[in-house]
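*Asks:* Here you go, one structure.
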Amino acid sequence: LQYGDMGSIIFGLQFNGLLPFGIGFNPQYPYSVYATNTSASNYDGLLMTLHKKYSQGLQFDLNYTYSHSIDNLSAIANNVFGENANFSGGILCDALNPRACRGNSDFDITHIISGDGIYDLPFGRGKRFLGDASGWVNQVIGGWQIAGDTQWHTGLAFTTLSNSFPLSFNNDVPAIFNGNTSALKVKVHNDQGRVQLFADSTAAINAFSGPTGFQAGSRNNLRGPRLSTTDLSVNKHFPIHENYALEFRAEAYNVFNHPSFGLPGGRFGGTADITDPQTFGFISSTASVARFMQFALRFDF
């Protein structure tokens, strides 16, 4: 009752024989699903690209995206219990008022910066330095190339859980935000041996309350940690003949071994349950892999 969970109250009274079946819930249809096409989405974005054509051994692309995606459900069509949605599958938080669920999409990212490039080191035959190198010297110092790509973006949107089912027995509605936005400041840090998203988890959880009556809070009004990763490769080309060449590649993924953390979540991924302080804001997964390297030898003909 303290969570405003009228669905569970009625079900509990019926289950314990204190309320006749058929009052509150039809005994045949407590879990029935009504499929409809009342989901809608809207995306606006600005994309800027700086491209340098290959010249003097250098080529690169630099991209920036500023965007906002809004919807009332992020699961794919006809996906009732979809894994892509963060807490309720394909079920609207309020079937009678679809706009009540409208908020940031599960995949909404505000800022994205990405880039890739290739640079031929200016050493060896025909290059700026030691351009007249002999054959064996050129095989040692010539043909070196550096290539890489990088990506950085702000955090994904995710939602709160109230552990309350006032509108549907299948849907845990978002909590009511009634605090100050400063309480939701994100600062990933170590909290007693665990990774905590919020700078002050106590202030963050106290900024929310459970629903009363038939209310539901705003969906996806929290932001996860940002992501940053860079891949790099060092390549060496060995010309053998006019029609043949050998290439050695040393590649490192997440070369700086920088951890990018996933979304927090207790019972579900990408959620923050206000009734469970032990999991609220704590992160147990990463969105990037640890650095690993690989080597390759390629023959071109």
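*Asks:* If I model a spin label as a point 7 Å beyond the Cα along the Cα-Cβ vector, how far apart are those points for THR49 and ASN243 in nm?
*Replies:* According to this spin-label approximation, the distance is 3.6 nm.
*Asks:* Let me ask you something else. Can you give the accessible area of HIS189, probe radius 1.4 Å, in Å² rounded to 10?
*Replies:* Number for this one is 60 Å².
*Asks:* Additional query: I'm a student and want to see the number: the projected area of the Cα convex hull of the chain, averaged over all directions, in nm².
*Replies:* Here the figure is 22.0 nm², rounded to one decimal.
*Asks:* Using alpha-carbon positions, what is the distance between the centroids of segment 235-285 and segment 57-77, in Å?
*Replies:* 18
*Asks:* Okay, moving on. Hey, can you grab everything whose amide H is under 5 Å from the amide H of SER260? Only 5+ residues off in sequence or another chain; H modelled, so Pro and N-termini drop out.
*Replies:* Close amide H contacts, sequence-distant or interchain: ALA287, SER288.
*Asks:* Something else: Highest mean first, what order results for 155-163, 221-229, 198-206 on Cβ atoms within 10 Å?
*Replies:* The most tightly packed comes first, giving 155-163, 221-229, 198-206.
*Asks:* Does segment 216-273 come out rounded, prolate or oblate, given a ≥ b ≥ c as the square roots of the eigenvalues of its C-alpha gyration tensor, rounded meaning a/c under 1.5 and, failing that, prolate meaning a/b above b/c?
*Replies:* prolate
*Asks:* Where does helix 6-15 land angle-wise versus the long Cα axis of the chain, in degrees 0 to 90, nearest 10?
*Replies:* The answer is roughly 60 degrees.
*Asks:* Compute the signed sum of charges (Lys and Arg +1, Asp and Glu -1) over the other residues within less than 9 Å, Cβ to Cβ, of LEU58.
*Replies:* 0
*Asks:* Then there's this: Run the accessible area of segment 87-244 with a 1.4 Å probe and give the carbon-and-sulfur part as a rounded percent.
*Replies:* Its accessible area is 56 percent carbon and sulfur atoms.
*Asks:* OK, next. In square angstrom, rounded to the nearest 10, how much accessible surface does ASP108 have for a 1.4 Å probe?
*Replies:* 0
*Asks:* Follow-up. Report the gain in length on full extension from ASP300 to ASP61: 0.36 nm times residue separation, minus Cα-Cα distance, nm rounded to one decimal.
*Replies:* 83.5 nm
*Asks:* Rounded to whole Hz and in sequence order, give me ³J(HN,Hα) for segment 50-64 from the Karplus expression 6.51 cos²θ - 1.76 cosθ + 1.60, θ = phi - 60°, writing x for Gly and Pro.
*Replies:* Going residue by residue, I get 10, 10, 10, 5, 5, 7, 6, x, 10, 8, 7, 10, 10, 10, 9 Hz, with x marking Gly and Pro.
*Asks:* Convert each backbone phi in segment 41-46 into a coupling constant with the Karplus relation 6.51 cos²θ - 1.76 cosθ + 1.60 (shift: θ = phi - 60°), then list the ³J(HN,Hα) values in order as whole Hz, x for Gly and Pro.
*Replies:* 9, 8, 10, 10, x, 10
*Asks:* Using amide H atoms built 1.01 Å from N in the peptide plane, name the residues 5+ places from LEU222, or on other chains, whose amide H lies under 5 Å from its own.
*Replies:* For LEU222, the qualifying residues are PHE158.
*Asks:* Pick out, from GLN294, ASN178, GLY217, the residue whose Cα sits farthest towards the positive end of the charge dipole of the chain, with +1 on the Cβ of Lys and Arg and -1 on the Cβ of Asp and Glu.
*Replies:* GLN294
*Asks:* Per residue of segment 214-222, what does 6.51 cos²θ - 1.76 cosθ + 1.60 with θ = phi - 60° give for ³J(HN,Hα)? Whole Hz please, x for Gly and Pro, Karplus curve as stated.
*Replies:* Whole-Hz 3J(HN,Hα) from phi for segment 214-222: 10, 8, 8, x, 6, 8, 6, 9, 10.
The values are calculated or read from the model by the stated rules, or taken from the named source; none is laboratory data. Everything quoted here is computed from the prediction, not taken from an experiment. All Cβ positions, even for glycine, are placed from backbone atoms using ideal geometry, and neighbour counts span all protein chains on display. For the accessible areas, the whole protein counts, side chains as well, though only heavy atoms, and no ligand, DNA or RNA atoms are used. Shrake-Rupley method; radii C 1.70, N 1.55, O 1.52, S 1.80 Å.
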